[in-house]
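The values are calculated or read from the model by the stated rules, or taken from the named source; none is laboratory data. Everything numeric in this text was worked out from a predicted model, so none of it was measured. Here the Cβ positions follow ideal geometry from the backbone for every residue, glycine too, while neighbour counts run over all protein chains shown.
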Amino acid sequence: MTTNSERTDIYRKRSSGEEKVGFIDREGVIQRLRWDTGYPIGRVEDRDGLIYIWRTTRYDEKEVGTVTTDGLIRSHGLFEGGELGWLEPDGVVIQGGLILAEEEAGRVEGPQREAAAAALLLIFLAEEEEASREMRRR
């Protein structure tokens with residue numbers, strides 16, 4: 001098990017306060033927290049001056065976006081691709097872009113802050129929004 005100094009924690013801002021939703025371990029594995037245990041859901045790859053975010057799927061993995069070393073997060077989504085937000089110097093993650101209003105989405109804490117901010121917007125929030133859409137369809 002990793003210690004806090006070896007991982008970058010990811011917090012989601014909610015109306016009731018903040019909730020720790022996951023972390024990135026020192027090997028670059030994105031983990032979702034469930035009952036204080038991490039479950040791998042993706043990975044981080046640093047190359048070509050960008051940090052790439054990969055989401056694990058049932059049979060493979062999918063590149064979902066990138067983040068620059070200065071914290072600008074871009075999605076590779078087919079219909080909603082483009083700038084999703086950015087990381088503030090104090091670790092606050094802002095969701096916003098061309099068609100999105102600016103909103104504080106959460107914060108990150110640890111050595112891989114840019115990657116964790118991207119994971120928050122590209123994986124954690126995207127999955128919440130998809131689950132919410134599914135519930136409305138029923």
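Select from segment 1-30 the residues that are free of Cβ contacts under 8 Å to residues at least 24 places away in the same chain, of a type outside the set (D, E) and surrounded by 14 or more Cβ atoms within 10 Å (Cβ to Cβ) and list them in ascending order.
V29, the sole residue that qualifies.
For segment 6-28, does any single residue satisfy the condition of being hydrophobic (A, V, I, L, M, F, W, C) and at pLDDT below 95?
Among the residues of segment 6-28, not one is hydrophobic (A, V, I, L, M, F, W, C) and at pLDDT below 95, which makes the answer no.
Within the bounds of segment 58-70, is there any residue that is closer than 19 Å to E127 by Cα, touching a Gly at 6+ places or on another chain (Cβ under 6 Å) and in a strand (DSSP E or B)?
no
Which pairs do you get when a residue that is over 14 Å from Q112 (Cα atoms), found in segment 41-60, comes within reach of a residue that is hydroxyl-bearing (S, T, Y), reach meaning Cβ atoms under 8 angstrom, with the pair 6+ apart or on two chains?
Listed pairs, sorted by first residue: I41/T56; G42/T56; G49/T68; G49/T69.
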